[in-house]
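Quick notes on the structure that follows.
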Amino acid sequence: MRRYSNSSEPSPSSKTASLHSDWETIRTLIPYLWNYKWRVSLALLFLVGAKLSNIGVPLLLKQLVDRLTISPAHPQGLLVLPLALLLAYGALRLGATVFTELRELVFVKVTQRAMRTIALQVFRHLHALSLRFHLNRQTGGMTRDIERGTRGVASLVQYALFSILPTLIEISLVLVYLVLHYDIWFSIITASALVLYIVFTITVTQWRTHFRRTMNELDSRANTRAIDSLLNYETVKYFGNEEFEAQRYDEGLQRYESAAVRSQSSLSLLNAGQSAIIAIGVTLILWRATQGVMDHKMTLGDLVLVNAFMIQLYIPLNFLGVIYREIKQSLADMERLFSLLNQHREIADAEHARPLAVRGAQVSFAHVDFSYEPDRQILFDVCFEIPPGTTTAVVGHSGSGKSTLSRLLYRFYEVNAGSITIDGQDLRNVTQTSLRSTIGIVPQDTVLFNDTIEYNIAYGKPGSSKADIVAAAKAAYIHDFIESLPNGYGTMVGERGLKLSGGEKQRVAIARTLLKNPALLIFDEATSALDSKAEQAIQEQLREIARDRTTLIIAHRLSTIVDAQQILVLEQGRIIERGTHAQLLANEGTYAQMWARQQFSENEEDAEQEGAGMRQLA
C-alpha cells in the first residue's frame, strides 16, 4: 500500500512517480475500452458533430446582427425576416443536443460493460488469492477501494472523453477562426489565458492531489474499523466497549475531517485563481473587440461573435479544474482497484495441471514440511496414508499443526518440502477446482451466508433440486427442525448464521456436505464447540456420513474417534504416535495420558450435572 507524506509539497520524485502511476492506470484501462473500438469511434464522431454545431451558432449570430445593423451597406437595416438564418440557428442548437445525446447513447454500453468487466475480474481474482491474503485483508477498506475504483472507471471515461477532449476541440476551432479572421492579438490573448489557466490548474491540482489520497486512506480505515466493530457486535457488548469503539471510529473521522478541510481550502484557492485568469482574459478580449468596433475595423456582429466564443469557452474552462481534479481522483481510486488485480496469486494451477481422477480417494502425505512464515516451521517430515474408505484421526494439543493438514489438503498453501497425493496424483499437478470438488468439510466454526436455510444447504451443490436439498436435510437430522420454523426452508439465518444455535449450524453444514457428496471428507474439530449431548447426536450422523468414504478427522474430544482405523498424535508439528485406539492406550504414551485426562474431566462434568439434577428434584 502506498504511504502518503505529511508534507504539503510533493517532491519532484513523487510527482514523477504519480505521473508514471497515472499512465500505468490508463494503460491498464485502455484494453477494456478497446473491445468496443467501433462504438468509441462512433461516439467521437458524434462528439465532433456536437462541437461543430456549437461553433456554428455564434457565426449565425454574427450574420443576424450584421444584417440587422444600420450601416452604409444596409442603410435601413434588414427589411425581410431572415427565415433561413433563424431556421439554421435552431437546427444548429438542436443538432448540438442531438449529437450529444447520440454520443451518450452509443457510449453508455462501453462504460457500463468496462465497469462490469473490471469489477467481475477483481471479484474473481480475490477469490483466486491465497488464504494468507484473506487472513491479512481489511474487508471494510477493501470493499471501499472496489466501490470507488469501479465508479472511477465511469468518471475517468466520462470526463476525459466527453469533457476534456470536446473542450480541446472547441478551443482549437475557435483559435483557428480567430487567427484567420481577426487581429492576431485575439489569438494571443486567448491562447495565453488558456495556457496560463491550464498550467495553474494542473500545478495546483497536482499539489492538492495528495490531500485526496490521504482522504481515501483515512476513509477506508474508518470504514474498516466500523465494519470490524459491527461484525464483532457481541464481543463489544460482552465487554461494554461501545464507547471505546465509538471513540476509535471518531478518531478516524476526525482525521478524515482534518484532511477534508485542507482539501477544501486548497480547492478554494484553485477556484479563485482560475476565475481571476478567466476574468482577465475575457476582459482583454472584449477590450480589443470594443476598440475594433470603435475604429470601424470590426462590426457589432464581430463583437457578438467574439463574446459568444469567449462565453462558450468560459463555461467548459470554468469546470476544467473540477474535471481535472475528478480525473486525478478517479485515477487514484482506480490505482487502488487495479492494485488488487496485481496481488500475487500465491497458489496457481500449473500449466500442465489436469483434473483430479478419483479412484477411491487414497490420501498420502510424504515427508511434508510446512511453515506459514520462514522463521516458524509448523510441520516436520509428516508421513502418513489414509487408505480408501477408511477413517484417520489426528489429535494433539492446540498449535500442534492439526488444522494445517486440512488446509494443505485443500491446497490453500503449498508445502515447503515433500508431497501430498490423492490416488497417486500430486496436488500440485491437478486443477484446484477438481481437487476442491472432491473434498467436503464440516469445519469447527460453521459460517453461513446471510440468506435462507435452503440457500445455505444448496450451497454444497448449487442448482440442486428442492427434493435433493430436503433429502440432505433429512440425512443430517435437521429437516424436522426446519419444518417447525414459521418460514421453513425460507428462514433467514442472519449474519454468519448467528440466528441458529451451534448444533443447528453444524447440522446445516453436514447437510451441505452431504449434498456435495464428496469422495474425501474432513471433519475439522466439527463438534468441539457443542455440549456432550449435542455432540453425541451429531457424532452418530458423522459416522454414518463417513461410512465407505475416505475420512480425515481432526479431533479435540478423543471419545469421538475411538472407532477410527488409524489415529495420529501430533506434537509440535511431528507425528509422535500412531495406531488404533486400543494400541495407543496399550502403549501408555501421550495419547493414553490425553485419554485419561479427558475421561477424568468428563466424569467430573457428569457428576456435576447429576448433582445439579438432584438439587432441582429436591
(request) Using a 1.4 angstrom probe, figure out how much accessible area the range 183-281 has per residue, in square angstrom, rounded to the nearest whole. (result) 55 Å²
(request) Whenever you get a sec, compute what percent of the accessible area on the range 229-292 sits on carbon and sulfur atoms (1.4 Å probe). (result) 60 percent
(message) Output wanted: per-residue J couplings in Hz (rounded whole) for the range 487-498, from phi through Karplus 6.51 cos²θ - 1.76 cosθ + 1.60, θ = phi - 60°, x for Gly and Pro.
(response) 9, x, 5, x, 6, 6, 8, x, 4, 6, x, 5
(message) Ordering 185, 38 by accessible area with a probe of 1.4 Å, largest first, what comes out?
(response) 38, 185
(request) Give me the accessible area of residue 597, 1.4 Å probe, in Å² rounded to the nearest 10. (result) 120 Å²
(request) Could you sort out which of 237/499; 466/516; 51/297; 461/499; 466/499; 461/505 sit more than 20 Å apart by Cα distance in this structure? (result) 51/297; 461/499; 466/499
(message) Using amide H atoms built in the peptide plane, which far-off residues or other-chain residues are under 5 Å from residue 441 H to H?
(response) 522
(message) So with the 1.4 Å probe, I'd like the accessible area per residue for the range 352-484, rounded to whole Å².
(response) 46 Å²
(message) Using each residue's phi in the range 176-192, evaluate 6.51 cos²θ - 1.76 cosθ + 1.60 at θ = phi - 60° and report the 3J(HN,Hα) Karplus result to the nearest Hz, with x for Gly and Pro.
(response) 4, 5, 5, 5, 6, 10, 9, 3, 4, 5, 4, 5, 5, 5, 4, 5, 5
(request) Order the following by accessible area, largest value first: 237, 297, 328. Probe radius 1.4 Å; ligands, DNA and RNA are ignored. (result) 297, 237, 328
(request) Would you tally the net charge around residue 403, using a Cβ to Cβ cut-off of less than 13 Å, leaving residue 403 out, and scoring K and R as +1, D and E as -1? (result) -1
(request) Using only protein heavy atoms and a 1.4 Å probe, report how much of residue 501 is accessible, in Å² to the nearest 10. (result) 50 Å²
(request) With all protein chains present, calculate the accessible area of residue 398 using a 1.4 Å probe and round the result to the nearest 10 Å². (result) 120 Å²
(request) Evaluate E = 1/(1 + (r/R0)^6) for residue 352 and residue 261, where r is the Cβ-Cβ distance and R0 equals 41 Å; express this FRET efficiency to the nearest 0.05. (result) 0.10
(request) Quick one: order 426, 381 from most to least accessible surface, probe 1.4 Å. (result) 381, 426
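The values are calculated or read from the model by the stated rules, or taken from the named source; none is laboratory data. Computed from a prediction, not measured in an experiment: that's the story for all the values here. We place every Cβ from the backbone using ideal geometry, glycine too, and count neighbours over all the protein chains shown. SASA here: full protein model, heavy atoms, side chains in, ligands and nucleic acids out. Shrake-Rupley method; radii C 1.70, N 1.55, O 1.52, S 1.80 Å.
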